[in-house]
Structures are given as structure tokens and as C-alpha cells.
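The values are calculated or read from the model by the stated rules, or taken from the named source; none is laboratory data. Computed from a prediction, not measured in an experiment: that's the story for all the values here. A quick note on method: Cβ atoms are made from the backbone with ideal geometry, for glycine too, and the neighbour counts reach across all protein chains shown. Heads up: the accessible areas ignore ligands, DNA and RNA and are worked out on the full protein's heavy atoms, side chains in. Shrake-Rupley method; radii C 1.70, N 1.55, O 1.52, S 1.80 Å.
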Protein chains: 2
Amino acid sequence: MKPLPPQVTIVEVGPRDGLQNEAAAIDTASKIALIESLAAAGHTRIEAGAFVSPKWVPQMADTEAVFAGLRRKADVRYSALVPNLAGLERATKAGVTDIALFASASETFSQRNINKSIADSLKDYAEVAKTALAANMRVRGYLSTAFGCPFEGDIDPARVVEVTEALFEMGVEEVAVSDTIGMAHPGQVTALLRLLAAAVPLRGIALHFHDTRGTALVNVYAALEEGVVVFDSAAGGLGGCPYAPGAAGNLATEDLLFMLDGLGISTGVDRRQVTAASRALEPQLGHPLPSRLLQAEAAKAR
Amino acid sequence: MKPLPPQVTIVEVGPRDGLQNEAAAIDTASKIALIESLAAAGHTRIEAGAFVSPKWVPQMADTEAVFAGLRRKADVRYSALVPNLAGLERATKAGVTDIALFASASETFSQRNINKSIADSLKDYAEVAKTALAANMRVRGYLSTAFGCPFEGDIDPARVVEVTEALFEMGVEEVAVSDTIGMAHPGQVTALLRLLAAAVPLRGIALHFHDTRGTALVNVYAALEEGVVVFDSAAGGLGGCPYAPGAAGNLATEDLLFMLDGLGISTGVDRRQVTAASRALEPQLGHPLPSRLLQAEAAKAR
């Protein structure tokens, strides 16, 4: 068996993908404190906000203020989701150096989520990417519903490869292949990664799992075995709650670190400091964070 | 990479390891209904109770009544935990054909849990096994704290191999290597299984994981890659609650089935029927069951 990679990079998406799925409104100062704590914990990549319409995603309405207030560390990349050229302009004004685009592998999900066909979204994103690259920004592409769609069910892996290729063609440096509704199993992960590796450089593939059905860690493990070295996760499993409608938490950074630390795979991120950052935010969320590790620690402390 | 096994056997331990760790008292009729539903779902091995002291484990005090009331299916093995010769006598009277012994890889855990040194417990178990085998019973050995001990921390894998060998020497047909406190990571699983495979027949090794830190599924996956084909799990993740003191749930059968079904590994067990059995019991537990799959379904239904 091939050895696992000795080192991986975690992209911390809690402040964006996590918080945008929380019902509670988190004040700007708390968001900044969270991001700064996560950077202090050793994270080098943090998605800090989204320049989307505050009408559609009120949780991200203060992204300008977050970037303005943030004391940025030189060795940390703080990214923001950008849906279109208007969003890019806002990001540019905020001094953002890393943007992310949100594409989909499911036609229905694309229509419902961003109100565009996949083809139209890619055409528009190509324009955004071109402008961003000309301004020396780095561009990441999310590829949502890559392992299944809440509307369409199974997604043809060939389609995933196709959209991934299209994203790389427009100059993104990385595609985050995403299990948006947390339904992937490791067999799918292995099969899809082998298809992708035949078409695009695997070093440009990140994986983004949600732990809805408890399979996020095993999916990471299957991806590690295929040589993937970039994984998304959210502090505490932000964005999900076991007992809330639509429970769909991101893989918790703590849970990911517990496994990676055990496997001896270095990340540069300190688990205790991440845990402290999650715990500091928890009282404002109105529910316990779903991270299994946090729950185990809470139980032990009682 | 070696292909995964096409078929595995699940040992359903919810009615014993699960219920003995629940605070709520479950009446005998409900236990019988649970066991019969799990057998109807396709399970062929179910641990139905324990002939232990009702003073120490009141949840198992009605094991005689459970076995007396149970309509047994011919193709299902209903086992019971037996701590000593007195327990074996009770099991024999109850018409039990499959017993399980509970050994430990940690000296301190052994002392605290069964008030005996490992060596003394093995001596006593050898006597129990001999009597049971003479009566044509099948004997399983649990090996607890194989991946870590709440008192001692790390456990020497050589010690695990040693106790496993001792169990096989006394005639057990299977050793359930157990992560009692749910702290194993997949690197440990792979390493320990390779040591074990060099010493004992791997077909006799079952793995028993708790999902305390969310690693149970990935540990199963690592074990599948090594060729293990028997896994323990508990309906709904019985025996644990995310928000209760000592949260230490068994791997949920539903979560295990979600992954195995996805991987195309056959078990003969119907996930929907297991889910229905868990749901039927849930109101009596006083807390939601920790299975991620059950939680995802509950969220969807809201």
C-alpha cells in the first residue's frame, strides 16, 4: 500500500461555510476574534467571508467589516467567496488576495442555488477569474454536489471531471471537490479521485466534506490514500447541529486533527487552540457544536 | 491495493453493550421487541444480554426473562456475556448457545472493571470456556482497551497480541478486539491488525469500535483494507448520547450499514428495518440516539 502523505494543508472554512449556515447572527467582533484565534492556532488558509448579496445571505453581510478589522498575519491566506464581478469589486476594495468561486456539478442545484445553468455560471466565472488573476489574486473553485445532489441524487462522475477541467482552464489554482450534503462514501471518493487524477493534476484537488452521515473522516482517509493533500474543515463543525433542521455540519477541524495527529500527518495546526476558538464561539450559536471530539471532551468534563 | 471483502458479518451488540450503558431502565418486553426486530432486519448475530451481577449491572438483570420470552430464529445466534462459572450456569439454564467473555489488555482496566488481574481473569475464563465448549457452546472473547485505556493511556500492541493468543488457546472461536473508549485512529488499527495477523488467524478477529471521537467508521475502513470481515455495532448507536456524561456510544449499526451499503459490501441486514427498530426504542431512552444517519433523517423530516 502507498504510504499516506506526511503533511496536509487544512483550509479552515468555519468563518464562511460554517457561519453562513448558522441561524444565529454572530457579531463582527466575534467573527474577527474567531478568525484571529484560528490563525494563531496555526491555520495558513482561512475562508473569512463572502461578498454575496446580504439579502440572500445575511450572515455574511459584514464581510467588508470583517476584513477591515482583521489583523492579518503575513503567512496566512484569508479568502472570500465571490459570486460575480460586483462581488470581486467589493473583495478588491477590501484588500482580499484570495477569492473562491462556487460552481456546481448538478444542473438543478446550480439553478436553485445561483439561478444559472452550469454553462452560464462557468462563462461568468471565467470573466471573474480573468479579472482576479490580472490583479494577481489567487482563485479557488468550489465544485458543489460532486458526490450527490439533494434534487438529482447521483451525479455522473464524468460530469464532475468536466466541470473541474473547466475550472482549471479558467485559471483557478485549486478545485475544492465538495460533498455538499454529506452523502459520499469512501468507495465514491476513491473512484472519483482516480478519474480526476487521469484528467487534472491531483495537487490542485482539495476535498470538502460534510459530516451529515458520519462519513467525512473515512472519506478523508480514502482521499489521503489517493494522495490528496488539501482538506476543508470548519472549527467545531460550525454550520451544523445534530438536532437542528437541515443538520449538515462541515467536517469539524478538531475531528480531522484528531485523526491526522494520530496518523502522524503534520498540519501545523494546534488542536487545543482550535478547540478553544470553537468553545469561545459556542455560547452565541444557540446549540452545542457537533464535533464529536468536542462532545467527548464536554462529557468527560462533566 | 487489495480489494475490500465482498461480504462482512455484523455482530449487533445494542441489546447488551448498548443498553447496559443507558441510564434509562428498559422493560423486558421492549428489549425482546428490539431483539426480534433486529433479527427480522437480517442480523444473524445478536448479543442479547449478560449474566452478570444485577447489583453491578442492573440494566441486564432481566437477561433470563429476555431469553425466555424471545422467539428465536433458527439462523440467528443470540449470545450473552458471561463473567464466570455461575454466569455460565445461568446461561446454560436459559438455553444460551453462544457466550462471550470479557478480557482486557490493560492491567488497570482489568482490576477496576472485573476486580482481577489479567492473568487471573484468563485463568478463570479458561475454566469457563472449557465448560462451555464441553457443552457445545460457542465462545467469543472480548479484548477491551486494545487501543488505549482510560487509566493507562497507550496500550502496548504486543500485550494485545499476547492476550488475544491466550484467548484463542482456551478455545474461543473469535476475539473482538475492542476500542472501549473510542480513541483509536486508523493508523493504530492497521498496525495492530498486521501484528495480530502474524500471530493468529485473521478470520477469528472481530473489531469493536466506539464512535466517541468520530473515528469508528474510518477504523472499520482501515480494518476492511486488512481483510477483517466481522464488526460489532449497536442499533442507533445505543449506549451513548452526544450530550450525556461519559458519551461513549457504540458505532451505530445504521452508520456502519450506510458505509458498507455504499461500498457494495453485503451484510444481509436491511438498514431501514434497523432504523425502525432504533426509532421504536428511542422514546424510552430519554435522549436522541447518536447515530449520525438517524440525526440526518430526523433533520430532513422536520
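Most mobile of B:16, B:138, B:203 per a Gaussian network model of chain B (Cα springs, under 10 Å)? Evaluated over chain B, the most mobile residue of the options is B:203.
In the assembled protein chains, residue A:287 presents an accessible area of approximately 40 Å² (probe radius 1.4 Å). Return the whole-Å distance between the Cα centroid of region B:83-141 and the Cα centroid of region A:69-128. Using only Cα atoms, the two centres lie 62 Å from each other.
Along the Cα-to-Cβ line of residue B:152, 7 Å from the Cα, sits a label point; which residues in region B:180-221 have backbone N less than 15 Å from it? Once the point is set 7 Å along Cα→Cβ of residue B:152, B:180-181 turn out to lie under 15 Å by backbone N, inside region B:180-221. Around the Cα centre of chain B, unit charges on the Cβ atoms of Lys, Arg, Asp and Glu (plus for the first two, minus for the last two) sum to a dipole of about 540 debye.
Note on residue B:117 and residue A:136: their simple-model spin labels are 7.2 nm apart, each label 7 Å out from Cα toward Cβ. Farthest towards the positive end of the charge dipole of the protein assembly as shown, among the residues B:34, B:78, A:5, is the Cα of B:34, using unit charges on the Cβ of Lys, Arg, Asp and Glu. Each listed q (0.15, 0.17, 0.27 Å⁻¹) maps to a log10 I(q)/I(0) for region B:90-147, found by the Debye formula over equal Cα scatterers with no solvent: -0.46, -0.58, -1.04.
Each copy carries residue A:169; placing its label point 7 Å along the C-beta direction from Cα gives inter-copy distances of 6.8 nm, listed from smallest up.
What FRET efficiency comes out for residue A:73 versus residue A:126 if R0 is 30 angstrom and r is the Cβ-Cβ distance? Round to the nearest 0.05.
Working: r = 32 Å, r/R0 = 1.05.
The computed FRET efficiency comes out at 0.40.
When you look at the Cβ of every residue in A:252-258, what mean number of other chain Cβ atoms sits within 10 Å? Write out the running numbers ahead of the final one.
Working: counts 1, 0, 2, 3, 1, 0, 5.
What the average comes to for A:252-258 is 2.
Whole-percent P(r), region A:43-89, all Cα pairs, 10 Å bins from 0: 27, 53, 20, 1.
At a probe radius of 1.4 angstrom, the accessible area of chain B per residue rounds to 37 square angstrom.
How high is the relative contact order of chain A? Use alpha-carbon pairs under 8 Å, at least six apart in sequence, and give a whole percent. Don't skip to the end; give the middle numbers.
Details: 604 pairs, mean separation 63.0, N = 302.
Answer for chain A is 21 percent.
A Förster radius of 60 Å, combined with the Cβ-Cβ distance separating residue A:93 from residue B:53, puts the computed FRET efficiency at roughly 0.25. Mean separation of Cα pairs under 8 Å and 6 or more residues apart, divided by the residue count, gives region B:1-87 a relative contact order of 33 percent.
Between copies, the label points at residue A:261 (set 7 angstrom from Cα along Cα-to-Cβ) are spaced 3.4 nm, reported in nanometres from shortest to longest.
Among residues of chain A, the one whose beta-carbon sits closest to the A-to-B rotation axis is listed with its distance in Å as A:218, 2.
Which value, in debye to the nearest 20, describes the size of the charge dipole of region A:169-302 about its Cα centre when Lys and Arg Cβ atoms bear +1, Asp and Glu Cβ atoms bear -1, and nothing else is charged?
440
Computed over the protein assembly as shown, the per-residue total of -39500 (n - 2.57) for DSSP H runs of n ≥ 4 gives a 222 nm mean residue ellipticity of -12500 deg cm²/dmol, rounded to 500.
Where the accessible area of region B:2-155 is counted over protein heavy atoms with a 1.4 Å probe, how much of it, in %, is carbon and sulfur? Intermediate results must be reported in sequence, preceding the final value.
Values: 3540 of 6530 Å².
Roughly 54 percent, rounded to a whole number.
Going down the list A:300/B:116; A:2/B:2; A:93/A:123, which pairs span over 18 Å between their C-alpha atoms? Pairs exceeding 18 Å: A:300/B:116; A:93/A:123. Each copy carries residue B:117; placing its label point 7 Å along the C-beta direction from Cα gives inter-copy distances of 7.8 nm, listed from smallest up. Relative contact order for region B:132-246: 24 percent, from Cα pairs under 8 Å spaced at least 6 residues apart, divided by residue count. How high is the FRET efficiency between residue A:273 and residue A:173 when r is their beta carbon distance and R₀ equals 25 Å, given to the nearest 0.05? E(calc), rounded to 0.05, equals 0.35. For the protein assembly as shown, the fraction of C-alpha pairs more than 33 angstrom apart is 44%.
Size of chain A from its Cα atoms: along the principal axes, largest to smallest, the extents are 53, 48, 37 Å. Rg/Rh for region A:122-251 stands at 0.98; both radii use Cα atoms, and Rh follows the Kirkwood definition.
Region A:1-149: percent of C-alpha pairs farther apart than 21 Å? Present the calculation step by step, with values, prior to reporting the outcome.
Working: 5119 of 11026 pairs.
When every Cα pair of region A:1-149 is considered, 46 percent fall beyond 21 Å.
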